[in-house]
Amino acid sequence: MSELEARLGPLPKVELHQHVDGSIPTEVTWELMRDYRLNPVPTLHEMRRLLEIQDSEEGSLMAYLDKMHYPLWVTQFYENISRVTEAIVDAAAAAGVKTLELRYSPIIHTYAGLTPRQSIRAVLSGMNHAQKRHELKLGLIVIAMRQHGPHIAKILARQSIAEAQHLHARTGVVGFDIAGPEHGNPPRLFKSAYDIARLGHLGLTAHAGEDAPPDYVWQALDVLGAQRIGHGCAAVRDPELMRRLAKDRIVVECCLSSNYNTGAVEKGAPHPIRAFLEAGVPVAICCDNSTVSHTNQMRESLRAAEQIGVDAVQAIHRAADSYSFIRPERALQDADAD
């Protein structure tokens with residue numbers, strides 16, 4: 001064990017940006033696919049190549065997103081969604097995570113007949129089952145995919161409120177997000193959905209500036225009212241935007257491995273996390289998609305420590321919990337109320 005590992009291993013870690021579809025352990029996807037006789041390749045080794053980004057595929061966001069398609073073949077059913085979610089929470093707990101926000105797009109799990117709300121409930125069921133085995137805080141962020149358009153986003157915002165954590169006694173929805181292809185889908189188009197989510201007292205985050213210019217980050221702040229920004233790499237090109245992020249204490253959810261995988265940050269270049277810290281912008285260290293990027297919170301923390309130092313990583317995790325949308329103290333106390 002290296003000195004870095006010895007210092008970071010016991011650290012309680014905070015994960016604020018991790019997708020369900022890109023974080024299902026490969027062995028779990030493989031087992032489910034074999035059960036349904038849907039495995040597209042004959043071996044687990046070959047399956048890994050389909051689910052995990054390869055060196056030759058790096059540099060493209062679309063190639064990265066393609067890695068999440070295969071699990072959708074089996075995560076169209078309530079029990080399967082619940083099962084894979086449990087496995088993700090188990091893996092996060094093993095990596096030392098004590099606060100975990102998972103994010104999830106319900107619509108892409110409704111092709112076999114589940115309603116959006118059933119799709120949301122399936123993930124929450126898995127989270128609640130896993131929570132019985134681990135001492136950690138859990139919450140779900142619902143994603144509206146940009147390519148599905150603003151009207152679907154408004155529907156999902158309403159469904160999210162129906163399962164909001166502060167209206168139930170168990171784990172619930174704590175936030176709302178937009179994700180998917182940025183180009184041609186500016187944040188401003190989703191204002192109505194964010195207005196609904198805000199009225200429902202959900203935390204607001206948005207993927208912005210990962211594969212689009214700083215203007216998309218400005219829109220996420222000024223039009224959507226985002227309290228956190230997913231990725232936000234483009235922001236470092238706009239000094240005024242950096243000052244705004246620092247002034248308003250907008251957390252940037254930094255996903256180092258993913259950003260190198262997608263080309264949001266050039267291979268070999270320093271990650272913007274250092275520039276954010278130097279500008280006084282609060283950050284969180286996040287996995288994004290632990291399976292696609294072949295990572296976990298421990299590995300991301302180690303990778304960050306190589307660039308910004310162990311002390312900075314420790315300080316980030318200690319502060320990040322205060323930026324979480326999870327507020328257990330607001331949940332209903334009567335278990336029968338859920």
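The values are calculated or read from the model by the stated rules, or taken from the named source; none is laboratory data. Everything quoted here is computed from the prediction, not taken from an experiment. All Cβ positions, even for glycine, are placed from backbone atoms using ideal geometry, and neighbour counts span all protein chains on display. The area values use the complete protein model at the heavy-atom level, side chains included, leaving out ligands, DNA and RNA. Shrake-Rupley method; radii C 1.70, N 1.55, O 1.52, S 1.80 Å.
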Inset, instruction - Scan segment 90-108 and give yes if some residue there is under 25 Å from Leu204 (Cα atoms), open to solvent by less than 30 Å² (accessible area, probe 1.4 Å) and among the acidic types (Asp, Glu), otherwise no. - result: yes
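With respect to Ile308, determine if the residue is of a type outside the set (Lys, Arg) and open to solvent by less than 10 Å² (accessible area, probe 1.4 Å). Let's see the steps before the verdict.
Details: of a type outside the set (Lys, Arg): yes; open to solvent by less than 10 Å² (accessible area, probe 1.4 Å): no.
Taking the combined requirement at face value, the residue does not satisfy it.
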Legend entry - Close pairs (6 angstrom Cβ cut-off, 6 or more residues apart or separate chains): open to solvent by 10 Å² or more (accessible area, probe 1.4 Å) in segment 243-256, assigned to a loop (DSSP other than H, G, I, E, B) and not aliphatic (A, V, I, L, M) anywhere: Ala246/Gly280; Arg249/Pro282
Inset, instruction - May I ask you to verify whether Arg274 is at pLDDT 95 or above and either within 25 Å of Glu57 (Cβ to Cβ) or assigned to a helix (DSSP H, G or I) (or both)? - result: yes
Inset, instruction - Enumerate the pairs (first residue in segment 1-17 and more than 18 Å from Gly309 (Cβ to Cβ); second residue anywhere and open to solvent by 50 Å² or more (accessible area, probe 1.4 Å) and of a type in the set (Lys, Arg)) with beta-carbon separation below 6 Å, excluding pairs fewer than 6 apart on the same chain, so at least 6 apart or on different chains. - result: Pro12/Lys98
Legend entry - Val14 farther than 28 Å from Thr110 by Cα, touching a strand residue (DSSP E or B) at 6+ places or on another chain (Cβ under 6 Å) and either open to solvent by 20 Å² or more (accessible area, probe 1.4 Å) or at pLDDT 95 or above (or both): yes
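May I ask you to list the residues in segment 67-85 that are open to solvent by 40 Å² or more (accessible area, probe 1.4 Å) and either within 19 Å of Leu50 (Cα to Cα) or in a helix (DSSP H, G or I) (or both)?
So the first thing to find is which residues in segment 67-85 are open to solvent by 40 Å² or more (accessible area, probe 1.4 Å), and the list is 69-70, 73, 77-79, 83.
His69, Tyr70, Trp73, Tyr78, Glu79, Arg83 - these are the residues of segment 67-85 that are open to solvent by 40 Å² or more (accessible area, probe 1.4 Å) and either within 19 Å of Leu50 (Cα to Cα) or in a helix (DSSP H, G or I) (or both).
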Inset, instruction - Go through (1) modelled with pLDDT of 95 or more; (2) closer than 18 Å to Glu31 by Cα and name the single condition His69 misses. - result: (1)
Inset, instruction - Can you give me the ranges of the strands (runs of 3 or more DSSP E) entirely in segment 122-239 with at least 1 residues that are buried (at least 19 other Cβ atoms within 10 Å of the Cβ), on the phi > 0 side of the Ramachandran plot and within 18 Å of the chain's Cα centre (by Cα)? - result: 228-231
Inset, instruction - Pick out the one residue from Gly172, Gly113 that is touching a helix residue (DSSP H, G or I) at 6+ places or on another chain (Cβ under 8 Å), modelled with pLDDT of 95 or more and among the small types (Gly, Ala, Ser). - result: Gly172
Inset, instruction - Check off (1) farther than 21 Å from Val89 by Cα; (2) surrounded by fewer than 24 Cβ atoms within 10 Å (Cβ to Cβ); (3) of a type outside the set (Asp, Glu) for His294 and give me the number that stays unchecked. - result: (1)
Inset, instruction - Give me the pairs, please: first residue somewhere in segment 22-42 and open to solvent by 30 Å² or more (accessible area, probe 1.4 Å), second residue anywhere and of a type in the set (Ser, Thr, Tyr) and part of a helix (DSSP H, G or I), beta-carbon distance under 8 Å, and either six or more positions apart or on two chains. - result: Pro40/Tyr70
Legend entry - Flag for Glu5 being modelled with pLDDT under 95, of a type in the set (Asp, Glu) and more than 15 Å from Pro71 (Cα to Cα): yes
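Go through segment 314-328 and give me each residue that's surrounded by fewer than 15 Cβ atoms within 10 Å (Cβ to Cβ) and either over 28 Å from Glu300 (Cβ atoms) or at pLDDT 95 or above (or both). Outline the logic, then answer.
Going through segment 314-328, the residues surrounded by fewer than 15 Cβ atoms within 10 Å (Cβ to Cβ) turn out to be 315, 318-319, 322, 327-328.
The answer is Ala315, Arg318, Ala319, Ser322.
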Inset, instruction - Return only the number of the condition from (1) touching a Lys or Arg at 6+ places or on another chain (Cβ under 8 Å); (2) at pLDDT 95 or above that Glu58 does not satisfy. - result: (2)
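Filter segment 55-66 down to the residues that are in a helix (DSSP H, G or I) and not small (Gly, Ala, Ser), then identify the one that is most open to solvent (accessible area, probe 1.4 Å). Can you show your working first?
Start the filter on segment 55-66 by keeping residues that are in a helix (DSSP H, G or I), which leaves 55-57, 61-66.
Narrowing the set further to residues that are not small (Gly, Ala, Ser) leaves 55, 57, 61-62, 64-66.
On the way: Asp55: 125, Glu57: 59, Leu61: 19, Met62: 102, Tyr64: 3, Leu65: 48, Asp66: 79 Å².
Restricting to residues being in a helix (DSSP H, G or I) and not small (Gly, Ala, Ser), the top hit is Asp55.
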